[in-house]
Amino acid sequence: MLTSPPTTIRVVGAAIIHKDRCLIAQRSASMALPGKWEFPGGKVEEAETPEHALAREIEEELGIRIKVGQWLGQGSSADASRVITLEVYAARWISGTPAPREHACLRWVQAHEFTHFDWAEADVPVLPAVEALLKNELR
């Protein structure tokens, strides 16, 4: 019996930096991986650049405008039916007040606090790059 290969879903996340902190989001009970922490973002639609998708998703999910910056890294996770590929970009908060429209809650955290959170698997490989970015903000 042949099984179909897992579907690959391309997702983008934002390491939104403000001063010496990064905005992170906790997945709600209605989302996959409830309670896990992540860099907020979402799916890249067909014919959409990752940067455009990220700005759109952040405005939809958090109600804020961001300026998308440099690519920081990539992670992935998989189950029997799908592979999630996550690309994380640095971003600057431009306007609006962050509100968790889909997430359980949001937190502004410093780099040394990252270890206190239970991260979604795809976000974990990018944590060192975000930590380095935050440490550079302190200089």
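The values are calculated or read from the model by the stated rules, or taken from the named source; none is laboratory data. Small disclaimer: the values here were computed from a predicted structure and weren't measured. Neighbour counts are summed over all protein chains in view; Cβ atoms, including those assigned to glycine, are modelled from backbone coordinates with ideal geometry. The protein model used for the area step is the full one, side chains on, heavy atoms only, and it has no ligands, DNA or RNA in it. Shrake-Rupley method; radii C 1.70, N 1.55, O 1.52, S 1.80 Å.
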**OP:** Could you name the aspartates and glutamates whose alpha carbon sits less than 12 Å from that of LYS67, not counting residues in the same chain fewer than 8 places away?
**Re:** GLU51, GLU59
**OP:** Arrange the peptides 81-89, 124-132 so that the one whose residues have, on average, the most other Cβ atoms within 10 Å appears first.
**Re:** 81-89, 124-132
Subject >> Protection proxy ranking, peptides 57-67, 7-17, average beta carbon neighbours within 10 Å, highest first >> reply: 7-17, 57-67
Subject >> Rounded to 10°, Cα long-axis angle of helix 50-62 versus longest principal axis of the chain >> reply: 70
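So how strong a dipole does the chain carry about its Cα centre when Lys and Arg Cβ are +1 and Asp and Glu Cβ are -1, to the nearest 20 debye?
Values: 15 positive and 19 negative charges, 74 e Å.
The dipole magnitude comes to about 360 debye.
As an exercise, identify the trypsin sites (Lys or Arg not before Pro) in the stretch 86-118 lying in DSSP coil whose Cβ has no more than 16 other Cβ atoms within 10 Å.
Hits after loop and neighbour filter: ARG101.
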Subject >> Average accessible surface area per residue within the stretch 1-86, 1.4 Å rolling probe, Å² >> reply: 54
Subject >> Which of PRO98, ALA78, ALA32, positive extreme of dipole for the stretch 27-139 (C-beta unit charges) >> reply: PRO98
Original post:
Cα convex hull of the stretch 77-139: how many Å³ per residue?
Top reply: 129
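Before anything else, pin down the relative contact order of the chain: Cα pairs under 8 Å, at least 6 apart, normalised by residue count, whole percent.
RCO, the chain: 33 percent.
Between beta-carbons, use under 12 Å as the cut-off and find the net charge around ALA120, counting Lys and Arg +1, Asp and Glu -1. Numbers along the way, then the final one.
On the way: positive: ARG27, LYS36; negative: GLU38, ASP118, GLU121, ASP123.
Around ALA120, the surrounding residues sum to -2.
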